[in-house]
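Here's the structure we're looking at; comments come further down.
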Amino acid sequence: MLSHLLAKAGIESTVIEIRSHQEIGQTVRAGILEHGSVNLLVDSGVSDRVLREGDRHDGIELRFNGESHRIDFQDLVGESVWLYPQTDVFLDLAARREADGGDVRYSVTDTSIRAIESNPKVWFTGADSVDYELQADFIIGADGSRSQTRSEIPEARRKRYLHEYPFAWFGILAEAPRSSDELIYANSPTGFALISQRTETVQRMYFQCDPNEDVQNWSDDRIWETFRSRVNGNGFELKEGPVLDKTVLKFRSSVLTPMRHGNLFLAGDAAHTVPPTGAKGLNLALHDVKVLFEGLDSFYRTGHTGLLDAYSDHALDRVWKAQQFSYWMTSMLHTPANADGFSSARQLGELNSVVSSRHGRAYLAEAYTGWPGSR
């Protein structure tokens, strides 16, 4: 996305990616896009496929005590989100960069960077087995949660905030009809469950589990029994089918500050990760590069560094909002293994407080669909 925005402004860039196009394109990932992310894809000319093939969701359901409570995004904040897999976001962006003649190098190896405080250089071996050296004005570390680039920030200059969660998600792909037109976030005495959608015939679903759970110990019958115990009731019945894939997704909250050192800028998971409960990961990454593009564009047009100098603070403002929202949703909906009667009753009181108050529902709706007015 950043290379696309830069190209539209006439700024040259090279994208270096260690994976192949095929590997990324076949990596199955869920995706809820905020309205701002959808606007960025469409308005910048990447593609309008998200509008044609994605599913617009005008709300979600919070389910607890066996009853569903709808959070109506349109009524509360006048916005929506789109269910659109991250894989498709990548395919749209990759196709746009290819059509525009963008310099995107897949399947590179032996990457390293130097001189980030002065004249940055990048070394790598291309897919053609040729060694390359690039001189750049800036290096953008958008290389994920296992980032190599963030380690280039001197240890004395960086601070990392980290929170580990005592649970994970057991995720499945199932061949089954949709159980609901919108996402269902379910709290139950035995743990959390999320009912999502993928297509008319294949669905993505999750339930809370131990981070060390072995998927091989779970038969289809055991999986569906777990979902039924956490979701079914009061007239709602989950639609089931063969399980096509199963995995355990561990998660944590992390933030690295600052997101810039010298001429190196971090974006996306290289700087921050969130639990998936709030659907913020990809949206935060897209917001990072939007803010970063504005700073780079201003620098190349005017020579002024003001927006670049403010990048870390501007990006982190939204990052911490997303961390708070994701932590809140996670703690409100998941059941701690050692929860006592008070903890469980208090959690239900919190859920009741949210769904019974228009202000509570509006806070959730605004955060879930994306905060207005943020840089």
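The values are calculated or read from the model by the stated rules, or taken from the named source; none is laboratory data. In this text the structure is predicted, and so the values were computed from the model without any measurement. Virtual Cβ from ideal backbone geometry, glycine too; neighbours counted across all protein chains shown. Side chains are part of the model used for accessible areas, which takes the heavy atoms of the whole protein and leaves out ligands, DNA and RNA. Shrake-Rupley method; radii C 1.70, N 1.55, O 1.52, S 1.80 Å.
The residues of the chain expose, per residue, 46 Å² of accessible area to a 1.4 Å probe. Each DSSP beta bridge with both residues in the chain is either parallel or antiparallel, and the antiparallel ones are about 85%.
Basic side chains Lys and Arg get +1 at the Cβ, acidic Asp and Glu get -1 at the Cβ, and with that the dipole of segment 200-245 about its Cα centre reaches some 200 debye.
For segment 117-273, taking the reciprocal of the average inverse distance between every pair of different Cα atoms yields a Kirkwood hydrodynamic radius of 18.9 Å.
Among Pro177, Thr226, Val255, whose Cα lies farthest out toward the positive end of the dipole of segment 135-263, if unit charges sit on the beta carbon of Lys, Arg (+1) and Asp, Glu (-1)? Farthest towards the positive pole: Val255.
Values of log10 I(q)/I(0) for the chain across q = 0.06 Å⁻¹ run -0.25, by the Debye formula with one identical scatterer at each alpha carbon and no solvent. Surface composition of segment 292-375: carbon and sulfur atoms hold 54% of the protein heavy-atom accessible area at a 1.4 Å probe.
Helical content alone sets the calculated 222 nm signal of the chain at -11000 deg cm²/dmol, taking -39,500 (n - 2.57) per DSSP H segment of four or more residues and averaging over every residue.
Our note on the geometry: Cα centres of segment 1-32 and segment 289-317, 20 Å apart.
Using the average count of surrounding beta-carbon atoms within 10 Å as a protection proxy, the listed peptides 283-293, 70-80 rank, highest first, as 283-293, 70-80. This model, with +1 at the C-beta of Lys and Arg and -1 at the C-beta of Asp and Glu, gives segment 43-199 a dipole about its Cα centre of some 560 debye.
At a 1.4 Å probe radius, carbon and sulfur cover how many percent of the accessible area of segment 52-117?
38 percent
Each of the peptides 259-265, 166-172 was scored by the mean count of other Cβ atoms within 10 Å over its residues; in descending order, highest first, they stand as 259-265, 166-172.
As an exercise, use a Förster radius of 25 Å and the Cβ-Cβ distance of Asp245 and Asp181 to find the FRET efficiency, rounded to the nearest 0.05.
In this case the efficiency is close to 0.65.
When peptides 269-281, 354-366 are ranked by their average number of other Cβ atoms within 10 Å per residue, the highest-first order is 269-281, 354-366. Under a crude label model (7 Å from the Cα following the beta-carbon direction), how far is Ser357 from Glu164 in nanometres? Spacing of the two 7 Å Cα→Cβ label points: 3.4 nm.
In a reduced charge model with +1 at each Lys and Arg Cβ and -1 at each Asp and Glu Cβ, segment 33-130 shows a dipole moment near 400 debye about its Cα centre. Place a label point 7 angstrom from the Cα of Glu23 along the Cα-to-Cβ direction, then list the residues of segment 1-16 whose backbone nitrogen is under 17 Å away. It comes to 15-16, nothing else. Considering all C-alpha pairs of segment 210-328, those separated by over 26 Å amount to 45%.
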